[in-house]
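Before any comments, here is the structure.
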Amino acid sequence: MTTRIPARTPTRSHHASRVPPRLARLHAVRAAPEPSRLEIEAAGRELADADAERVVAWAADTFGDGLVVSTSFGIHSAVMLHMATQVVPRIAVVWVDTGYLPAETYRFADALASRLDLNLHVAQAELSPARMEALFGRLWEGNRDDLDRYHRLRKVEPLERAFRALGARAWLSGLRADQTDHRARLPRVGLQNGRAKVLPLLPWSSRDVHRYLQAHELPYHPLFEQGYASVGDWHSSRPVGEDDTHDRNGRFRGLTEECGLHLELSPETLQGLDASGP
């Protein structure tokens, strides 16, 4: 169940002059129920080497009130949140709260939401943590199938429901190509589950992130100082070690590097969401 999803006040900044002329045809996507795959692929090629701010501005101009940004309030989440709200101050910010985040994350989220005046929408699972554990056990301690079920219940389905409730047709995410092999194969602009997915920070390095945070006097997540390069739930995150090759090697006991939020949903999962409503 998605909670705290109030009606939005559609306040948008306009940056038409910053959109490349060859991308002007993509404004037709606004009127379509789903973005055209060919148009999105063309935008991905056009914006592959663009500055991150230009990519955000293009997304704001192209999708208007249909654009949202997702966040985990993770190690470097301040970058994407600051950049998005500089272009679209009241953009809907969707945060998946699994109920198992570290105390540091909840405090970090509260402080950053206040500092950036975020239009925050919290997406939560239909099952409370206690009820889920009573029915299915501590799924994160099981095998890969158990972990996938946990992610579907507490992350994937809540995010999709929140997007539907907000009428999202495109979303900004702060993924970087150097985080996992899967993310290295993603386009700057693509499609996932029928909506456009825009990754302004995709070609950035950890050094780029650090420079942006310093330039705008923004904080890392507090667990960064304890050696965490990526942080999610308290039970599935650890500091990275010398043998780790990616930021997310410290997640999910090594069973996977992705929790499903950035993967295409199966037809069965989408059908289940259709049956249960928005």
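Values in this text are rule-based calculations from the coordinates and carry no lab data. For clarity, every value in this text was computed on a predicted model and none was experimentally measured. Cβ atoms come from the backbone with ideal geometry, glycine included; neighbour counts cover every protein chain shown.
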Phi angles of segment 60-65, converted by Karplus (6.51 cos²θ - 1.76 cosθ + 1.60, θ = phi - 60°) into ³J(HN,Hα) in whole Hz with x for Gly and Pro, give 5, 5, 6, 10, x, 6
Residue span Ala111 to Asp243: 0.36 nm per residue of separation minus Cα-Cα distance leaves a gain in nm of 44.2 nm
Here, Ser205 and Glu217, labelled 7 Å along Cα→Cβ, have an inter-label distance in nm of 2.8
Taking a ≥ b ≥ c as the square roots of the eigenvalues of the Cα gyration tensor, with a/c under 1.5 meaning rounded and otherwise prolate when a/b exceeds b/c and oblate if not, segment 33-276 is rounded
Of the convex hull enclosing the alpha-carbon atoms of segment 65-141, the direction-averaged projected area in nm² is 6.0
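What length, rounded to one decimal in nm, is gained on full extension from Val122 through to Glu268, with 0.36 nm per residue of separation minus their alpha-carbon distance?
50.1 nm
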Taking a crude spin-label model, label points 7 Å out from Cα along the C-beta direction, the Arg144 to Glu53 distance in nm is 4.3
If the chain between Ala103 and Asn193 were fully extended at 0.36 nm per residue, the gain over the current Cα-Cα distance would be 29.2 nm
